[in-house]
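Notes follow once the structure below has been shown.
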Amino acid sequence: MTLEEIIQLMLDSFFKILIPGLTRTIPLTILAFSFAMVIAVICSLIEYAKVPVLKEIVRFYVWIIRGTPLLVQLLIGFYGLTSIGVKIAPFTAAVLVFSINEGAYCSETMRGSLESVSYGQFEAGYCCGMNYVQIMRHVVLPQAFRTAFPALGNSLISMLKDTSLVSNITVTEMLFAAQRIAGRTYQYMAMYIEVALIYLAFSTILTKVQKWGEEKLNYYGGA
Amino acid sequence: MTVLEIKDIHKSFGDQEILKGVDIKVEKGDVIAILGPSGSGKTTFLRCINFLTETDSGQMVFDGKTYDMAKMNRKDIAAIRKKTGFVFQNYNLFRNQTALGNVTLGLTTVRRIKKKEAEEIGRSLLEKVGLSDKTDLYPSQLSGGQQQRVAIARALAANPEIIYFDEPTSALDPELIGEVLSVMKRLADAGMTMIVVTHEMDFARNVSNRTIFMENGVIVEEGPSKEFFENPKMERTKEFLRLEDSRGIVK
(Lines give C-alpha, C1' and ligand atoms only; values in the text may rest on other atoms or scores of the structure.)
Protein backbone atom coordinates (compact mmCIF):
# COMPACT_ATOMS: atom_id res chain seq x y z
CA MET A 1 0.00 0.00 0.00
CA THR A 2 1.18 3.46 -0.75
CA LEU A 3 1.19 6.16 1.91
CA GLU A 4 -1.84 7.81 0.30
CA GLU A 5 -3.74 4.56 0.45
CA ILE A 6 -2.85 4.09 4.12
CA ILE A 7 -4.03 7.60 4.95
CA GLN A 8 -7.19 6.97 2.98
CA LEU A 9 -7.74 3.74 4.92
CA MET A 10 -7.25 5.57 8.23
CA LEU A 11 -9.77 8.21 7.20
CA ASP A 12 -12.27 5.62 5.99
CA SER A 13 -11.96 3.58 9.16
CA PHE A 14 -12.10 6.57 11.50
CA PHE A 15 -15.83 6.44 12.11
CA LYS A 16 -15.83 2.65 12.16
CA ILE A 17 -13.54 2.89 15.19
CA LEU A 18 -14.99 6.05 16.72
CA ILE A 19 -18.58 4.80 16.73
CA PRO A 20 -17.86 1.73 18.88
CA GLY A 21 -16.01 4.19 21.10
CA LEU A 22 -19.15 6.25 21.50
CA THR A 23 -21.50 3.29 21.82
CA ARG A 24 -19.30 0.91 23.84
CA THR A 25 -16.16 2.43 25.38
CA ILE A 26 -17.76 5.60 26.72
CA PRO A 27 -20.97 4.02 28.09
CA LEU A 28 -18.92 1.21 29.65
CA THR A 29 -16.61 3.74 31.29
CA ILE A 30 -19.43 5.93 32.57
CA LEU A 31 -21.58 3.07 33.84
CA ALA A 32 -18.76 1.15 35.47
CA PHE A 33 -17.22 4.22 37.05
CA SER A 34 -20.56 5.33 38.47
CA PHE A 35 -21.16 1.92 40.06
CA ALA A 36 -17.54 1.91 41.22
CA MET A 37 -18.10 5.22 43.00
CA VAL A 38 -21.11 3.81 44.82
CA ILE A 39 -19.11 0.74 45.85
CA ALA A 40 -16.14 2.90 46.84
CA VAL A 41 -18.15 5.27 49.02
CA ILE A 42 -19.91 2.41 50.81
CA CYS A 43 -16.74 0.35 51.30
CA SER A 44 -14.61 3.29 52.39
CA LEU A 45 -17.23 4.38 54.92
CA ILE A 46 -17.39 0.85 56.31
CA GLU A 47 -13.63 0.78 56.74
CA TYR A 48 -13.50 4.35 58.04
CA ALA A 49 -16.20 3.75 60.63
CA LYS A 50 -14.63 0.35 61.46
CA VAL A 51 -17.93 -1.51 61.20
CA PRO A 52 -17.32 -5.00 62.61
CA VAL A 53 -17.57 -7.99 60.23
CA LEU A 54 -18.42 -5.78 57.22
CA LYS A 55 -14.99 -4.21 57.54
CA GLU A 56 -13.40 -7.67 57.22
CA ILE A 57 -15.50 -8.43 54.16
CA VAL A 58 -14.38 -5.18 52.53
CA ARG A 59 -10.73 -5.97 53.26
CA PHE A 60 -11.13 -9.42 51.74
CA TYR A 61 -12.77 -7.97 48.64
CA VAL A 62 -10.04 -5.37 48.17
CA TRP A 63 -7.37 -7.99 48.73
CA ILE A 64 -8.79 -10.32 46.04
CA ILE A 65 -9.36 -7.60 43.47
CA ARG A 66 -6.05 -5.85 43.88
CA GLY A 67 -4.19 -9.14 43.94
CA THR A 68 -5.45 -10.51 40.64
CA PRO A 69 -5.04 -9.25 37.05
CA LEU A 70 -7.91 -7.33 35.53
CA LEU A 71 -7.75 -9.43 32.36
CA VAL A 72 -8.19 -12.60 34.40
CA GLN A 73 -11.14 -11.04 36.20
CA LEU A 74 -12.71 -10.19 32.84
CA LEU A 75 -12.20 -13.74 31.57
CA ILE A 76 -13.77 -15.15 34.73
CA GLY A 77 -16.62 -12.64 34.51
CA PHE A 78 -17.56 -13.65 30.99
CA TYR A 79 -16.15 -17.02 29.84
CA GLY A 80 -15.96 -18.40 33.35
CA LEU A 81 -19.54 -17.54 34.20
CA THR A 82 -20.81 -18.60 30.76
CA SER A 83 -19.06 -21.98 31.05
CA ILE A 84 -20.84 -22.78 34.32
CA GLY A 85 -24.20 -21.93 32.80
CA VAL A 86 -24.66 -18.29 33.82
CA LYS A 87 -26.13 -16.42 30.87
CA ILE A 88 -24.48 -13.03 30.71
CA ALA A 89 -23.98 -10.61 27.82
CA PRO A 90 -20.37 -9.59 27.18
CA PHE A 91 -21.12 -5.91 27.77
CA THR A 92 -22.93 -6.66 31.04
CA ALA A 93 -20.01 -8.79 32.18
CA ALA A 94 -17.64 -5.96 31.31
CA VAL A 95 -19.65 -3.41 33.31
CA LEU A 96 -19.83 -5.81 36.23
CA VAL A 97 -16.13 -6.62 36.31
CA PHE A 98 -15.00 -3.03 35.83
CA SER A 99 -17.36 -1.78 38.55
CA ILE A 100 -16.06 -4.33 41.02
CA ASN A 101 -12.44 -3.80 40.04
CA GLU A 102 -12.51 -0.02 40.04
CA GLY A 103 -14.63 0.05 43.20
CA ALA A 104 -11.88 -1.72 45.13
CA TYR A 105 -9.16 0.71 44.06
CA CYS A 106 -11.31 3.80 44.54
CA SER A 107 -12.47 2.68 47.98
CA GLU A 108 -8.84 2.71 49.08
CA THR A 109 -8.44 6.22 47.66
CA MET A 110 -11.59 7.37 49.45
CA ARG A 111 -10.58 5.75 52.73
CA GLY A 112 -7.23 7.50 52.68
CA SER A 113 -8.92 10.83 52.01
CA LEU A 114 -11.45 10.31 54.79
CA GLU A 115 -8.65 9.53 57.20
CA SER A 116 -6.84 12.71 56.21
CA VAL A 117 -9.69 14.86 57.58
CA SER A 118 -8.66 15.91 61.07
CA TYR A 119 -10.58 14.66 64.09
CA GLY A 120 -10.97 18.28 65.19
CA GLN A 121 -13.63 18.64 62.48
CA PHE A 122 -15.68 16.00 64.31
CA GLU A 123 -15.17 17.62 67.68
CA ALA A 124 -16.26 20.97 66.29
CA GLY A 125 -19.34 19.37 64.76
CA TYR A 126 -20.26 17.59 67.99
CA CYS A 127 -19.87 20.85 69.90
CA CYS A 128 -22.35 22.44 67.49
CA GLY A 129 -24.79 19.71 68.48
CA MET A 130 -24.47 17.80 65.20
CA ASN A 131 -24.53 14.01 65.12
CA TYR A 132 -22.13 11.64 63.36
CA VAL A 133 -24.18 11.37 60.17
CA GLN A 134 -24.66 15.14 59.89
CA ILE A 135 -20.95 15.75 60.38
CA MET A 136 -20.04 13.12 57.80
CA ARG A 137 -22.46 14.54 55.27
CA HIS A 138 -21.81 18.27 55.65
CA VAL A 139 -18.20 18.40 56.79
CA VAL A 140 -16.09 15.26 56.42
CA LEU A 141 -17.28 13.77 53.13
CA PRO A 142 -17.05 17.03 51.16
CA GLN A 143 -13.50 17.54 52.40
CA ALA A 144 -12.53 13.93 51.71
CA PHE A 145 -14.01 14.14 48.24
CA ARG A 146 -11.97 17.24 47.51
CA THR A 147 -8.81 15.42 48.58
CA ALA A 148 -9.71 12.29 46.61
CA PHE A 149 -10.76 14.09 43.45
CA PRO A 150 -7.39 14.19 41.60
CA ALA A 151 -6.69 10.54 42.37
CA LEU A 152 -10.19 9.52 41.32
CA GLY A 153 -9.71 11.47 38.10
CA ASN A 154 -6.57 9.49 37.41
CA SER A 155 -8.41 6.25 38.07
CA LEU A 156 -11.13 7.25 35.62
CA ILE A 157 -8.61 8.01 32.88
CA SER A 158 -6.77 4.79 33.42
CA MET A 159 -10.01 2.86 33.42
CA LEU A 160 -11.02 4.41 30.11
CA LYS A 161 -7.86 2.98 28.57
CA ASP A 162 -8.23 -0.36 30.34
CA THR A 163 -11.60 -0.85 28.68
CA SER A 164 -9.60 -1.86 25.60
CA LEU A 165 -9.17 -5.18 27.42
CA VAL A 166 -12.83 -6.04 26.89
CA SER A 167 -12.08 -6.82 23.26
CA ASN A 168 -10.93 -10.09 24.83
CA ILE A 169 -14.46 -10.95 25.85
CA THR A 170 -15.98 -10.10 22.47
CA VAL A 171 -17.28 -6.65 23.28
CA THR A 172 -17.03 -4.72 20.03
CA GLU A 173 -15.35 -1.65 21.42
CA MET A 174 -12.74 0.49 19.67
CA LEU A 175 -9.79 -1.87 19.80
CA PHE A 176 -11.98 -4.73 18.61
CA ALA A 177 -13.12 -2.64 15.64
CA ALA A 178 -9.56 -1.58 14.83
CA GLN A 179 -8.34 -5.17 15.01
CA ARG A 180 -11.03 -6.33 12.64
CA ILE A 181 -10.02 -3.78 10.01
CA ALA A 182 -6.34 -4.57 10.57
CA GLY A 183 -7.02 -8.27 10.10
CA ARG A 184 -8.73 -7.60 6.80
CA THR A 185 -6.19 -5.10 5.41
CA TYR A 186 -3.01 -6.23 7.19
CA GLN A 187 -2.38 -2.57 8.13
CA TYR A 188 -1.66 -3.33 11.80
CA MET A 189 0.61 -0.35 12.43
CA ALA A 190 -1.80 2.17 10.93
CA MET A 191 -4.85 0.76 12.70
CA TYR A 192 -3.22 0.47 16.12
CA ILE A 193 -1.83 3.97 15.87
CA GLU A 194 -5.21 5.25 14.84
CA VAL A 195 -6.97 3.61 17.75
CA ALA A 196 -4.23 4.87 20.07
CA LEU A 197 -4.85 8.42 18.84
CA ILE A 198 -8.57 8.13 19.51
CA TYR A 199 -7.87 6.90 23.06
CA LEU A 200 -5.47 9.81 23.42
CA ALA A 201 -8.18 12.24 22.36
CA PHE A 202 -10.65 10.77 24.88
CA SER A 203 -8.06 10.86 27.69
CA THR A 204 -7.12 14.43 26.85
CA ILE A 205 -10.74 15.53 27.13
CA LEU A 206 -11.02 13.77 30.50
CA THR A 207 -7.79 15.38 31.71
CA LYS A 208 -9.22 18.78 30.83
CA VAL A 209 -12.44 17.99 32.64
CA GLN A 210 -10.44 16.85 35.68
CA LYS A 211 -8.42 20.09 35.66
CA TRP A 212 -11.57 22.13 35.41
CA GLY A 213 -13.17 20.20 38.25
CA GLU A 214 -10.14 20.65 40.45
CA GLU A 215 -10.21 24.38 39.93
CA LYS A 216 -13.92 24.45 40.68
CA LEU A 217 -13.34 22.54 43.90
CA ASN A 218 -10.30 24.54 44.86
CA TYR A 219 -12.38 27.46 46.07
CA TYR A 220 -11.43 27.00 49.67
CA GLY A 221 -7.73 26.57 49.15
CA GLY A 222 -7.56 22.81 49.14
CA ALA A 223 -7.43 20.38 52.01
CA MET B 1 -28.93 31.32 89.34
CA THR B 2 -26.59 28.38 88.98
CA VAL B 3 -25.95 27.46 85.36
CA LEU B 4 -23.55 24.58 85.85
CA GLU B 5 -22.27 22.56 88.72
CA ILE B 6 -19.59 19.87 88.53
CA LYS B 7 -18.91 17.63 91.51
CA ASP B 8 -15.87 15.49 92.14
CA ILE B 9 -14.79 14.79 88.58
CA HIS B 10 -12.09 12.15 88.08
CA LYS B 11 -10.23 11.21 84.94
CA SER B 12 -7.21 8.98 84.28
CA PHE B 13 -5.29 8.27 81.12
CA GLY B 14 -3.78 4.84 81.67
CA ASP B 15 -2.36 4.83 85.20
CA GLN B 16 -1.91 8.58 85.20
CA GLU B 17 -4.64 10.44 87.05
CA ILE B 18 -5.21 13.78 85.32
CA LEU B 19 -8.23 14.99 87.29
CA LYS B 20 -8.34 14.09 90.97
CA GLY B 21 -11.70 15.36 92.10
CA VAL B 22 -12.47 18.81 90.74
CA ASP B 23 -15.58 20.78 91.75
CA ILE B 24 -16.88 23.92 90.16
CA LYS B 25 -20.04 25.97 90.45
CA VAL B 26 -20.91 28.50 87.79
CA GLU B 27 -23.50 31.21 88.29
CA LYS B 28 -25.24 32.99 85.46
CA GLY B 29 -23.01 35.73 84.06
CA ASP B 30 -19.87 34.30 85.64
CA VAL B 31 -16.65 34.58 83.71
CA ILE B 32 -14.32 32.03 85.20
CA ALA B 33 -10.65 31.95 84.27
CA ILE B 34 -8.82 28.68 84.83
CA LEU B 35 -5.07 29.08 85.15
CA GLY B 36 -2.38 26.52 85.66
CA PRO B 37 0.87 25.16 84.29
CA SER B 38 0.68 22.80 81.33
CA GLY B 39 -0.24 19.31 82.39
CA SER B 40 -2.35 20.58 85.26
CA GLY B 41 -5.51 19.07 83.77
CA LYS B 42 -7.32 22.28 82.90
CA THR B 43 -7.90 21.43 79.23
CA THR B 44 -8.91 17.88 80.14
CA PHE B 45 -11.39 19.33 82.61
CA LEU B 46 -12.96 21.49 79.94
CA ARG B 47 -13.10 18.62 77.46
CA CYS B 48 -14.67 16.34 80.05
CA ILE B 49 -17.48 18.75 80.85
CA ASN B 50 -18.41 18.91 77.17
CA PHE B 51 -17.92 15.15 76.80
CA LEU B 52 -15.19 15.38 74.18
CA THR B 53 -13.23 13.21 76.59
CA GLU B 54 -14.90 10.46 78.58
CA THR B 55 -15.03 10.93 82.32
CA ASP B 56 -14.29 8.19 84.87
CA SER B 57 -16.57 9.59 87.55
CA GLY B 58 -18.27 12.80 88.53
CA GLN B 59 -21.60 14.56 88.65
CA MET B 60 -22.98 17.36 86.55
CA VAL B 61 -25.93 19.58 87.28
CA PHE B 62 -26.97 21.47 84.18
CA ASP B 63 -30.24 22.97 83.04
CA GLY B 64 -32.05 21.62 86.09
CA LYS B 65 -30.95 18.03 85.58
CA THR B 66 -28.38 15.95 87.40
CA TYR B 67 -26.17 13.65 85.36
CA ASP B 68 -23.74 10.90 86.29
CA MET B 69 -20.86 11.88 84.02
CA ALA B 70 -19.48 8.35 83.78
CA LYS B 71 -22.77 7.03 82.42
CA MET B 72 -23.90 9.50 79.80
CA ASN B 73 -26.08 8.45 76.91
CA ARG B 74 -25.93 10.01 73.49
CA LYS B 75 -29.24 11.81 73.88
CA ASP B 76 -28.24 13.55 77.09
CA ILE B 77 -24.89 14.58 75.65
CA ALA B 78 -26.59 15.99 72.57
CA ALA B 79 -29.11 17.88 74.70
CA ILE B 80 -26.33 19.42 76.80
CA ARG B 81 -24.21 20.32 73.79
CA LYS B 82 -27.14 22.12 72.21
CA LYS B 83 -27.00 24.57 75.09
CA THR B 84 -23.25 25.00 75.29
CA GLY B 85 -20.61 26.47 73.02
CA PHE B 86 -16.99 25.41 72.69
CA VAL B 87 -14.06 27.40 71.33
CA PHE B 88 -10.96 25.39 70.50
CA GLN B 89 -7.33 26.38 70.76
CA ASN B 90 -6.80 25.68 67.05
CA TYR B 91 -10.25 27.02 66.02
CA ASN B 92 -11.37 23.82 64.23
CA LEU B 93 -13.46 25.71 61.72
CA PHE B 94 -15.17 23.56 59.10
CA ARG B 95 -12.71 23.88 56.24
CA ASN B 96 -15.25 23.35 53.49
CA GLN B 97 -17.58 26.07 54.77
CA THR B 98 -17.35 29.83 54.52
CA ALA B 99 -17.27 31.98 57.65
CA LEU B 100 -21.04 32.30 57.33
CA GLY B 101 -21.44 28.58 56.66
CA ASN B 102 -19.50 27.78 59.81
CA VAL B 103 -21.89 29.84 61.87
CA THR B 104 -25.09 28.63 60.22
CA LEU B 105 -24.37 24.90 59.76
CA GLY B 106 -25.43 24.01 63.28
CA LEU B 107 -28.57 26.12 62.91
CA THR B 108 -29.71 24.52 59.65
CA THR B 109 -28.81 20.92 60.54
CA VAL B 110 -29.45 20.66 64.28
CA ARG B 111 -32.11 23.28 64.81
CA ARG B 112 -33.63 22.97 61.34
CA ILE B 113 -33.88 26.70 60.91
CA LYS B 114 -34.55 27.84 57.33
CA LYS B 115 -31.41 28.73 55.46
CA LYS B 116 -32.37 32.35 54.92
CA GLU B 117 -33.21 32.91 58.55
CA ALA B 118 -30.03 31.14 59.67
CA GLU B 119 -27.98 33.37 57.40
CA GLU B 120 -29.56 36.44 58.94
CA ILE B 121 -28.57 35.20 62.40
CA GLY B 122 -25.12 34.28 61.07
CA ARG B 123 -24.53 37.70 59.56
CA SER B 124 -25.49 39.51 62.71
CA LEU B 125 -23.19 37.27 64.79
CA LEU B 126 -20.29 37.82 62.42
CA GLU B 127 -20.96 41.52 62.69
CA LYS B 128 -20.78 41.18 66.46
CA VAL B 129 -17.26 39.77 66.20
CA GLY B 130 -16.25 42.41 63.66
CA LEU B 131 -16.21 40.23 60.56
CA SER B 132 -19.18 41.43 58.55
CA ASP B 133 -16.89 41.93 55.54
CA LYS B 134 -15.54 38.35 55.66
CA THR B 135 -18.75 36.33 55.58
CA ASP B 136 -18.01 34.63 52.27
CA LEU B 137 -14.37 33.76 52.88
CA TYR B 138 -13.14 30.26 53.70
CA PRO B 139 -11.06 29.52 56.82
CA SER B 140 -7.90 29.19 54.72
CA GLN B 141 -8.41 32.78 53.58
CA LEU B 142 -8.64 34.15 57.13
CA SER B 143 -5.94 34.99 59.68
CA GLY B 144 -5.77 33.05 62.93
CA GLY B 145 -7.43 35.85 64.84
CA GLN B 146 -10.23 36.08 62.30
CA GLN B 147 -10.71 32.31 62.35
CA GLN B 148 -10.98 32.34 66.12
CA ARG B 149 -13.55 35.13 65.97
CA VAL B 150 -15.58 33.08 63.47
CA ALA B 151 -15.31 30.19 65.93
CA ILE B 152 -16.69 32.42 68.68
CA ALA B 153 -19.57 33.48 66.43
CA ARG B 154 -20.21 29.80 65.71
CA ALA B 155 -20.30 29.04 69.42
CA LEU B 156 -22.75 31.91 69.93
CA ALA B 157 -25.08 30.70 67.18
CA ALA B 158 -26.68 28.10 69.41
CA ASN B 159 -27.60 30.84 71.87
CA PRO B 160 -25.82 28.82 74.58
CA GLU B 161 -26.20 28.99 78.33
CA ILE B 162 -22.44 28.85 78.68
CA ILE B 163 -19.39 28.95 76.42
CA TYR B 164 -16.17 27.04 77.10
CA PHE B 165 -12.92 28.49 75.80
CA ASP B 166 -9.93 26.16 75.60
CA GLU B 167 -6.85 28.39 75.45
CA PRO B 168 -8.43 30.49 72.71
CA THR B 169 -5.39 32.68 72.09
CA SER B 170 -2.56 30.18 72.57
CA ALA B 171 -2.19 29.37 68.88
CA LEU B 172 -2.25 33.01 67.80
CA ASP B 173 0.53 35.39 66.84
CA PRO B 174 0.95 37.99 69.61
CA GLU B 175 -0.43 40.82 67.49
CA LEU B 176 -3.66 38.87 66.84
CA ILE B 177 -4.39 38.03 70.47
CA GLY B 178 -5.90 41.44 71.23
CA GLU B 179 -8.73 41.19 68.68
CA VAL B 180 -9.89 37.87 70.12
CA LEU B 181 -9.64 38.99 73.72
CA SER B 182 -11.60 42.14 73.03
CA VAL B 183 -14.41 40.08 71.49
CA MET B 184 -14.38 37.89 74.58
CA LYS B 185 -14.44 40.94 76.83
CA ARG B 186 -17.46 42.29 74.99
CA LEU B 187 -19.22 38.96 75.49
CA ALA B 188 -18.39 39.05 79.18
CA ASP B 189 -19.69 42.60 79.46
CA ALA B 190 -22.89 41.52 77.75
CA GLY B 191 -23.44 38.98 80.51
CA MET B 192 -22.43 35.74 78.74
CA THR B 193 -21.48 32.92 81.11
CA MET B 194 -18.01 31.69 80.24
CA ILE B 195 -15.30 29.32 81.43
CA VAL B 196 -11.94 30.27 79.97
CA VAL B 197 -8.83 28.13 80.20
CA THR B 198 -6.10 30.63 79.51
CA HIS B 199 -2.56 31.87 79.97
CA GLU B 200 -3.63 35.48 79.55
CA MET B 201 -3.13 36.95 83.00
CA ASP B 202 -4.58 40.32 82.05
CA PHE B 203 -7.77 38.70 80.88
CA ALA B 204 -8.06 36.67 84.07
CA ARG B 205 -7.32 39.69 86.24
CA ASN B 206 -9.44 42.30 84.48
CA VAL B 207 -12.25 40.48 82.68
CA SER B 208 -13.02 37.34 84.67
CA ASN B 209 -14.86 37.69 87.94
CA ARG B 210 -13.49 34.45 89.37
CA THR B 211 -10.14 32.79 88.90
CA ILE B 212 -9.25 29.18 89.51
CA PHE B 213 -5.69 27.93 89.78
CA MET B 214 -5.23 24.24 88.97
CA GLU B 215 -2.23 22.02 89.32
CA ASN B 216 -1.75 18.24 89.21
CA GLY B 217 -5.44 17.60 88.70
CA VAL B 218 -6.75 19.55 91.67
CA ILE B 219 -7.86 23.11 92.30
CA VAL B 220 -5.13 24.73 94.36
CA GLU B 221 -6.89 28.03 94.90
CA GLU B 222 -9.92 29.88 93.67
CA GLY B 223 -11.59 33.15 94.43
CA PRO B 224 -12.85 36.44 93.08
CA SER B 225 -10.28 37.53 90.50
CA LYS B 226 -9.40 40.79 92.20
CA GLU B 227 -8.65 39.03 95.46
CA PHE B 228 -6.93 36.13 93.73
CA PHE B 229 -4.39 38.38 92.06
CA GLU B 230 -3.93 40.97 94.80
CA ASN B 231 -3.92 38.66 97.72
CA PRO B 232 -3.27 35.00 96.82
CA LYS B 233 -3.33 32.72 99.83
CA MET B 234 -1.44 29.61 98.78
CA GLU B 235 2.33 29.61 98.44
CA ARG B 236 2.08 27.72 95.14
CA THR B 237 -0.27 30.34 93.70
CA LYS B 238 2.06 33.15 94.66
CA GLU B 239 4.97 31.35 93.02
CA PHE B 240 2.94 30.77 89.84
CA LEU B 241 1.86 34.40 89.66
CA ARG B 242 5.42 35.62 90.27
CA LEU B 243 6.63 33.41 87.45
CA GLU B 244 3.92 34.66 85.11
CA ASP B 245 4.71 38.24 86.11
CA SER B 246 8.38 37.92 85.26
CA ARG B 247 7.38 36.31 81.97
CA GLY B 248 5.23 39.36 81.32
CA ILE B 249 8.13 41.70 81.92
CA VAL B 250 10.35 39.76 79.55
CA LYS B 251 7.59 40.02 76.96
Strands (runs of 3 or more DSSP E) within segment B:144-251 that include 3 or more residues under 26 Å from B:LEU125 (Cβ atoms) and out of contact with any Asp or Glu (no Cβ under 6 Å at 6 or more places or on another chain): B:162-166, B:194-197
Residue check, B:GLN141 in contact with a Ser or Thr (Cβ under 7 Å, 6 or more places away or on another chain) and either polar (S, T, N, Q) or surrounded by fewer than 21 Cβ atoms within 10 Å (Cβ to Cβ) (or both): no
Tell me, yes or no, whether segment B:172-195 has at least one residue that is under 29 Å from A:MET136 (Cα atoms), more than 14 Å from the chain's Cα centre (by Cα), within 14 Å of chain A (Cβ to nearest Cβ) and of a type in the set (A, V, I, L, M). no
Please determine, by comparing only the residues of segment A:165-206 that are among the polar types (S, T, N, Q) and surrounded by 14 or more Cβ atoms within 10 Å (Cβ to Cβ), which one is farthest from the chain's Cα centre (by Cα). A:THR185
Condition first: within 30 Å of A:GLU115 (Cβ to Cβ) and surrounded by fewer than 18 Cβ atoms within 10 Å (Cβ to Cβ). Can you find one or more residues in segment A:14-32 that meet it? yes
Given the criteria touching a residue at least 40 places away in the same chain (Cβ under 8 Å) and of a type outside the set (Lys, Arg), does B:ILE177 qualify? no
Looking at (1) in contact with a helix residue (DSSP H, G or I) (Cβ under 9 Å, 6 or more places away or on another chain); (2) at the interface with chain B (Cβ under 9 Å from one of its Cβ atoms); (3) modelled with pLDDT under 95, which is the only condition A:TYR219 fails? (1)
For segment A:34-147, list the helices (runs of 4 or more DSSP H) that sit wholly inside it and hold at least 2 residues that are among the hydroxyl-bearing types (Ser, Thr, Tyr); which are they? A:90-116, A:119-127
Which listed residue is crowded, with 23+ Cβ neighbours inside 10 Å, in contact with a helix residue (DSSP H, G or I) (Cβ under 7 Å, 6 or more places away or on another chain) and over 30 Å from B:ASP133 (Cβ atoms), from B:ILE9, B:ILE49: B:ILE9
Could you look through segment A:48-73, keep only residues that are surrounded by 12 or more Cβ atoms within 10 Å (Cβ to Cβ) and among the basic types (Lys, Arg), and pick out the one that is nearest to the chain's Cα centre (by Cα)? A:ARG59
Which of the residues that make up segment A:172-188 are more than 15 Å from A:PHE91 (Cβ to Cβ), touching a residue at least 12 places away in the same chain (Cβ under 8 Å) and not hydrophobic (A, V, I, L, M, F, W, C)? A:GLN179, A:THR185, A:GLN187
Segment A:119-147, residues that are within 21 Å of A:GLY213 (Cβ to Cβ), more than 7 Å from every other protein chain (Cβ to nearest Cβ) and of a type in the set (Val, Ile, Thr): A:VAL140, A:THR147
Check whether at least one residue in segment B:129-136 is outside any helix (DSSP H, G or I), of a type in the set (A, V, I, L, M) and more than 12 Å from chain A (Cβ to nearest Cβ), and report yes or no. yes
Any residue in segment B:116-130 that is surrounded by fewer than 24 Cβ atoms within 10 Å (Cβ to Cβ), closer than 22 Å to B:ALA190 by Cα and of a type in the set (Ser, Thr, Tyr)? yes
Kindly evaluate B:GLY64 against the criterion of being of a type outside the set (A, V, I, L, M, F, W, C) and crowded, with 20+ Cβ neighbours inside 10 Å. no
Which one of the conditions (1) at pLDDT below 95; (2) part of a helix (DSSP H, G or I); (3) away from chain B (no Cβ under 14 Å); (4) crowded, with 20+ Cβ neighbours inside 10 Å does A:MET159 fail to meet, given that it meets all the rest? (1)
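The values are calculated or read from the model by the stated rules, or taken from the named source; none is laboratory data. Values in this document were obtained by computation on a predicted structure and should not be read as measured data. Reconstructed Cβ throughout: ideal geometry from the backbone, glycine too, with neighbour counts over all protein chains shown.
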